[in-house]
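Down below is the structure, laid out as structure tokens.
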Amino acid sequence: MNNKLKKLSKRLYTILTNSLKQTINQIFGLSLSLYIIHFYSKDLWGNFVTYFLYSSIILLILNWGNKEYLLRDFSKAPNKIIYNFYLNFNTRFILLIPFTIITFLFFSITEASILFLWFISGFISQSLEVFWIYKKDFLKAILIEIISFIILTATLFLHPDLNSIQLLFFYSFYQFIRALLYIRINFIELKKNHFTTNKIILFSSLSFFLLNLIGFLQSRTDFLIVTFFEKNENIAIYQIITSYFILIHSIATFMILPFIKNLYRIKIKSMELIQRYISIISPFIVIANLFIFHLIITYIYKFKLDFYFYLLGFFITLPPYLYAVKIIRFYKENNQKYILNTGIKAMIINCIISFSLLYYGYGIKGALLGSAISQIFTTYQYLKFKF
């Protein structure tokens, strides 16, 4: 009995620490937006969001499906973990050169230099993510995020007069601190370095990169378009709203993430049963979280959103729950192509609707409608598919 309790406790600990690590960056990001808006202005946060979006896209490309590709390689060849890590790291590092040049062409020297610090720091942190996931060092990763975020908030507190360049520098320095701390906890692995590259790595991990890219664009296309049409204040509001929506529908993934290995092994009927169960409870989860979102937006951010925003939020956040387990089945059947094609179609739908409605003056509600229709289309495509 004691052994069973120990196993259960260990499993619950892994689930809780993993879930916290998966959400902590989003929580801190939203906390930072609240801090900047409350103590400075919506305009400052809206201006910073442009840097944030640009850096997110660059880091997504530099990541190149690194985590998913290496986790598979680590499992297949545990005796070559360090070699495979450095082979992947060194090869992807080359991608940093052209994007650095592009950044210096489109931004001022000061902005580009600070962004470069952000890129290199983010690149290192993302690369090392595979180690703490593989070793299940979730608690260490959580502590790193907490310590580095405390340093960021303390730095901001000491600068009551803040402009966008200073905020960019402090945030980039925060990324640098994170990278140093991740290097520290993985120093034993990193000191066994290998100076090798292989371009084939980029082709081998291309499918993982494309899935991540399409997933990012599908959920962020409307936001990209908003940055072209709306002023900084509305961009700030939209970024906060969509960040909360992404956090809500990410719960669907967090629910099954610790059990993915088991899902690959169980029978199809069992997978369908789990999916049915998640689908039944999902409306209650979404509504409860939207209510919490309403309280936060109304009483903390002090924004006034009408019912239309919450209705759209429901149709944006509910769909991922309805196909969360079925996605695993697509991977199990080695049918990533269907996921990729569906993501591309959904992205195009989101792009066309959001652009049209923003162009004709429907504002951020129009962009949210584009996102909702895109999610509904995605759900229809997955649910209609017969294996």
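The values are calculated or read from the model by the stated rules, or taken from the named source; none is laboratory data. Given the structure is predicted, the values throughout are model-derived calculations rather than measurements. Cβ atoms come from the backbone with ideal geometry, glycine included; neighbour counts cover every protein chain shown. These accessible areas exclude ligands, DNA and RNA; they are computed on the full protein's heavy atoms, side chains included. Shrake-Rupley method; radii C 1.70, N 1.55, O 1.52, S 1.80 Å.
The chymotrypsin sites (Phe, Trp or Tyr not before Pro) of region 109-217 that DSSP puts in a loop, and whose beta carbon has at most 12 other beta carbons within 10 Å, are 195. Loop-only check: which trypsin sites (Lys or Arg not before Pro) in region 232-303 are DSSP coil with at most 15 other Cβ within 10 angstrom? In loop regions of region 232-303 (DSSP not H, G, I, E or B), the sparsely surrounded trypsin sites (Lys or Arg not before Pro) are 267, 302.
Among 272, 145, the sequence by solvent-accessible area, most first, with a 1.4 Å probe is 272, 145. Computed from phi, the 3J(HN,Hα) profile of region 378-387 under the Karplus parametrisation 6.51, -1.76, 1.60 (θ = phi - 60°) reads 4, 4, 4, 4, 6, 6, 7, 5, 10, 6 Hz, with x in place of Gly and Pro. Element breakdown for region 134-289 at a 1.4 angstrom probe: carbon and sulfur atoms account for 68% of the accessible area.
Listed by chain and number, the aspartates and glutamates whose alpha-carbon sits under 12 Å from that of residue 80, ignoring those within fewer than 8 places in the same chain, are 189. Over all other residues within a Cβ to Cβ distance under 13 Å of residue 383, the charged ones net out to +4, with Lys and Arg as +1 and Asp and Glu as -1. FRET efficiency for the residue 71 to residue 184 pair, using the beta carbon distance and R₀ = 25 Å, is estimated at 0.70. For the residue pairs 67/136; 21/136; 21/191; 337/384; 267/386; 67/199, the alpha carbons lie more than 20 Å apart in 21/191.
Quick one: net charge of residue 47's neighbours, Cβ under 15 Å, K/R +1, D/E -1? Net charge in that neighbourhood comes out at -2.
Would you give the gap between the C-alpha center of region 222-291 and the C-alpha center of region 28-47, rounded to a whole Å? Cα centroid of region 222-291 versus Cα centroid of region 28-47: 24 Å apart. Computed over all pairs of different Cα atoms, the Kirkwood value for the hydrodynamic radius of region 188-321 is 18.2 Å.
Taken about its Cα centre, region 36-145 carries a charge dipole of about 440 debye when Lys and Arg each add +1 at the Cβ and Asp and Glu each add -1 at the Cβ. Which is farthest toward the positive dipole end of region 110-209 among 141, 171, 205, measuring Cα position about the Cα centre, with Cβ charges +1 (Lys, Arg) and -1 (Asp, Glu)? Farthest along the dipole direction, towards plus: 205. Taken about its Cα centre, the chain carries a charge dipole of roughly 2060 debye when the Cβ of each Lys and Arg holds +1 and the Cβ of each Asp and Glu holds -1. The mean sequence separation of alpha-carbon pairs under 8 Å and at least six residues apart, normalised by the residue count of the chain, gives a relative contact order of 22 percent. Summing +1 for each Lys or Arg and -1 for each Asp or Glu among the other residues whose beta-carbon sits under 12 angstrom from that of residue 183 gives +2. Seen through its C-alpha gyration tensor, with square-root eigenvalues sorted a ≥ b ≥ c, the chain comes out rounded because a/c lies under 1.5. Each residue of region 71-80 is assigned a 3J(HN,Hα), and the resulting list reads 4, 5, 5, 4, 5, 6, 9, x, 7, 10 Hz, derived from the Karplus form 6.51 cos²θ - 1.76 cosθ + 1.60 (θ = phi - 60°), x at Gly and Pro.
The trypsin sites (Lys or Arg not before Pro) of region 338-387 that meet both conditions, a loop assignment by DSSP and at most 13 other Cβ atoms within 10 Å of the site Cβ, are 386. Averaging the sequence gap over all C-alpha pairs within less than 8 Å and six or more residues apart, then dividing by the number of residues, gives region 253-339 a relative contact order of 45 percent.
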